[in-house]
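Asks: The structure that follows is given in the form of structure tokens.
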Ligand code: CP
Ligand code: NVA
């Protein structure tokens, strides 16, 4: 029996474990790209992944389901409205029962505390498939994409432009663990607190540096990765008007991209709201790696699933 591990944030793994997950991801990706579907097709044979979604998803659901199929396992979507989590049945009861039948649960929750509580009662590994606080699976794919582009994390500076949100939090955590520099540029009132930064950078490695820079033009200077996300995350729809006004100067457009290094790439976790946080000319430009990044969700999560469940 493997020891029970959860993956709710990157703090659930150490630096070596994170590197191992990425290494497995690279290996399975290389075989997949060669068209070799047989070698990995029994790694998770007869294992079942349950997927609970309290919010919408394209990439996360499809990458987990396709990934499990490629590895010989199965998956099932459990829409929150069908389970009635905390309404029809308590979180501990759902967690105990579900984890007695499936081998792993990926959970996208409105509140991070729900996933934490769920994991407490689960006898199977629980993966955070996005909460209001973190998106660690996205960070795995992001770091895989950066490694593929630049060969290593050394001398890579990421500029995060926009909201200091769930995706940014996991990116900061991954950057600290892999020794990547990161500048975060958010408008006043939307930055990380010092307490949050301290928590996210607890496993910082040599080479890591972080700066919070209000001016996006200054933040992107010297950056090899310019990364943004929506200004209004799922669950924040009521704040749309004030957020769009506050974030307007933080749009990633050709002018801002032009201030980064000439070899800079553009990343976005997607879905994007074109014309708001990013313009078509940037997201559709040769510098954009958003499709590769999205595709890497599947390879990165295969690495995670094999690390959690494989022999
Ligand atoms: N990036 C991401 O998590 O996409 P989905 O919301 O479509 O899963
Ligand atoms: N920050 C976004 C990411 C979506 C993948 C959200 O939480 O809605």
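Here, each number is a calculation from the coordinates, and none is a lab measurement. Worth saying up front: this structure is predicted, and the values here are computed from it rather than measured. Because the Cβ atoms are built from the backbone with ideal geometry, glycine has one as well, and the counts that use them run over all protein chains shown.
Asks: What's the center-to-center distance, using Cα atoms, between the stretch 227-293 and the stretch 153-211 in Å?
Replies: 17 Å
Asks: Continuing with the same structure: Over the stretch 11-117, what is the mean sequence separation of C-alpha contacts under 8 Å (at least six apart), divided by residue count, expressed as relative contact order in percent?
Replies: Worked out over the stretch 11-117, it gives 30 percent.
Asks: For the stretch 223-268, how big is the tail of P(r) above 13 Å, as a whole percent of Cα pairs?
Replies: For the stretch 223-268, the share of Cα pairs beyond 13 Å comes to 60 percent.
Asks: Answer rounded, prolate or oblate for the stretch 99-249, using the Cα gyration tensor with square roots of eigenvalues a ≥ b ≥ c: rounded when a/c is under 1.5, else prolate when a/b is larger than b/c, else oblate.
Replies: Oblate shape, in that a/c is at least 1.5 and b/c is the bigger or equal ratio.
Asks: For the ranges 150-159, 37-46, 217-226, what's the packing order if you count other beta-carbon atoms within 10 Å of each residue, average per peptide, and put the highest first?
Replies: Per-residue Cβ counts within 10 Å, averaged per peptide and sorted highest first, yield 217-226, 150-159, 37-46.
Asks: Quick check on packing: order 291-304, 107-120, 21-34, 237-250 by the mean number of other C-beta atoms within 10 Å, highest mean leading.
Replies: Going by the mean number of other Cβ atoms within 10 Å, highest first, we get 291-304, 107-120, 21-34, 237-250.
Asks: Follow-up. Give the peptides 197-206, 267-276 in descending order of average Cβ contacts within 10 Å, highest first.
Replies: Order by mean packing, descending: 267-276, 197-206.
Asks: Give the average over all directions of the projected area of the C-alpha convex hull of the stretch 75-143, one decimal, in nm².
Replies: Here the figure is 4.7 nm², rounded to one decimal.
Asks: Still on this structure: Using alpha-carbon pairs under 8 Å, 6+ residues apart, how would you state the relative contact order of the chain in percent?
Replies: Normalised by residue count, the contact order of the chain is 21 percent.
Asks: Still on this structure, I have one more. Kirkwood Rh, Cα Rg: Rg to Rh for the stretch 1-67?
Replies: Taking Rh as the inverse mean 1/r over Cα pairs, Rg/Rh reads 0.98.
Asks: How fast does the stretch 28-139 diffuse by Stokes-Einstein, in µm²/s, taking the Kirkwood radius from C-alpha pairs at 37 °C and 0.692 mPa s?
Replies: So the translational diffusion coefficient is about 225 µm²/s.
Asks: Something else about it: Sorting 283, 146, 265 on the 10 Å Cβ count, fewest up front, what's the list?
Replies: By the 10 Å Cβ count, ascending, the order reads 283, 265, 146.
Asks: Could you please rank 307, 160, placing first whichever residue has the fewest other Cβ atoms within 10 Å of its Cβ?
Replies: 307, 160
Asks: Mind checking the alpha-carbon convex hull of the stretch 240-311 and giving the volume per residue in Å³?
Replies: Cα-based convex hull of the stretch 240-311, divided per residue, equals 123 Å³.
Asks: By what distance, in whole Å, do the Cα atoms of the chain stretch along each of the three principal axes, largest value first?
Replies: 52, 45, 34
Asks: Same structure, new question: Round to the nearest 10 and give me the degree value, 0 to 90, for the angle of helix 59-70's Cα axis relative to the longest principal axis of the chain.
Replies: Around 40 degrees separate the two axes.
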